[in-house]
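The structure appears below as structure tokens.
The values are calculated or read from the model by the stated rules, or taken from the named source; none is laboratory data. Since the model is a prediction, treat every value here as computed from it, not as a measurement. Positions of Cβ are generated from backbone atoms using ideal geometry, with glycine treated the same way; all protein chains shown enter the neighbour counts.
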Amino acid sequence: MERNATTEADLRRIFASLKKGEVDGVAIASPNLITKFPLLIMRLSSERRLPLGSHRKAMIHEGALFSYGPNYSTVGQDVAEYVDRILKGAKPADLPVQQASRLEFVINLKTAKALGLTIPPSVLARADQVIE
């Protein structure tokens, strides 16, 4: 079930409206919300014992169950290459649009245990990193 939120008040209202058994987990698609309210999202998810999935690896260290998203170190290297090419005279409009060259899948087993979840070995085998 999808819910729309743009503010802190929206997040609080949405989480408060969730009924036990209505949802099995939370995924926040808005980079804006994750950037502005990461700790609030983590707290609200945790209070309702809802696993949180994120596109930001940093959320794993705050207690998210998993993240799947760009490797920002690699993205930074790609940006540096673009800047170098522009400084050497390339026209930005002539440079190709690129996607992140690598996505990372990270699982937080501490969170899984706290939520009473067992992550199947086949899923753990696919993870780039497992936090224990």
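Can you tell me which of (1) surrounded by 12 or more Cβ atoms within 10 Å (Cβ to Cβ); (2) closer than 22 Å to ASN108 by Cβ is the one GLU47 doesn't meet?
Looking at each condition in turn, GLU47 falls short on (1).
Which residue is surrounded by the fewest Cβ atoms within 10 Å (Cβ to Cβ), if the candidates are limited to the stretch 114-132 and must be outside any loop (DSSP other than H, G, I, E, B) and among the polar types (S, T, N, Q)?
Ranking the candidates gives SER122 first.
Assess whether THR111 counts as being in contact with a helix residue (DSSP H, G or I) (Cβ under 9 Å, 6 or more places away or on another chain), part of a loop (DSSP other than H, G, I, E, B), closer than 30 Å to LEU18 by Cα and not aliphatic (A, V, I, L, M).
no
Every residue in the stretch 9-44 that is modelled with pLDDT of 90 or more, assigned to a helix (DSSP H, G or I), within 19 Å of the chain's Cα centre (by Cα) and exposed (fewer than 14 other Cβ atoms within 10 Å of the Cβ), please.
LEU39
Identify, from the list ARG85, ARG43, the residue that is basic (Lys, Arg) and closer than 30 Å to ASN4 by Cβ.
ARG43
In the stretch 45-90, which residue that is of a type in the set (S, T, N, Q) and assigned to a helix (DSSP H, G or I) is farthest from the chain's Cα centre (by Cα)? First the steps, then the outcome.
Of the residues in the stretch 45-90, the ones of a type in the set (S, T, N, Q) are 45-46, 54, 67, 71, 73-74, 77.
Next, only the ones that are assigned to a helix (DSSP H, G or I) stay: 45-46, 73-74, 77.
Details: SER45: 14, SER46: 15, SER73: 15, THR74: 16, GLN77: 20 Å.
It comes out as GLN77.
Cβ-Cβ distance below 8 Å, separation of 6 or more or different chains: which pairs start in the stretch 86-110 with a residue that is closer than 15 Å to PRO70 by Cα and touching a residue at least 40 places away in the same chain (Cβ under 8 Å) and end on one that is of a type in the set (D, E, K, R) and surrounded by 10 or more Cβ atoms within 10 Å (Cβ to Cβ)?
Pairs found: GLU104/LYS57; GLU104/ASP128; VAL106/LYS57; VAL106/ASP128.
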